[in-house]
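What follows is calculated from the coordinates using simple rules that are stated; it is not laboratory data. Source: prediction; values computed, not measured. Virtual Cβ from ideal backbone geometry, glycine too; neighbours counted across all protein chains shown.
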């Protein structure tokens, strides 16, 4: 037991020596896309950075405040047999589920690192009126015809 703990500790010491702060590499804007193997036609993409609105049926605050990236896609057509919308764009559905960020700045930085041209949509904040349940039954005066 003691020898196995000694072996684990010595491996941990050797593993720490292999990494240093000198090995950190700075990435330039657009450089990630160049080395990632993405085809040339997808390197210069246009994306929209936005904060999605709360859905009408859900009043929780779970996804409020998150920012998403969606790719601008123009290659869409309707399948005549089934009526489905088809696309030739491999990135058309990526932003819906995968590219979510905590802030607009993080989304901008991500788009710049990949060399994408981006447009940031301003967040829409709804004006909430103070309501009470009693207002539903309040006398509003005689009915006008």
Quickly work out the residue 55-to-residue 139 label distance, labels modelled 7 Å from Cα along the C-beta direction, and quote it in nm with one decimal. 4.3 nm
Pairwise label distance in nanometres, residue 84 with residue 122, each label 7 Å out on the Cα-Cβ vector: 4.0 nm
Take each of the peptides 103-116, 66-79, average the number of other beta-carbon atoms within 10 Å over its residues, and list them starting from the highest. 103-116, 66-79
Alpha-carbon Debye profile of segment 102-145, log10 I(q)/I(0) at 0.15, 0.28, 0.31 Å⁻¹: -0.61, -1.03, -1.11
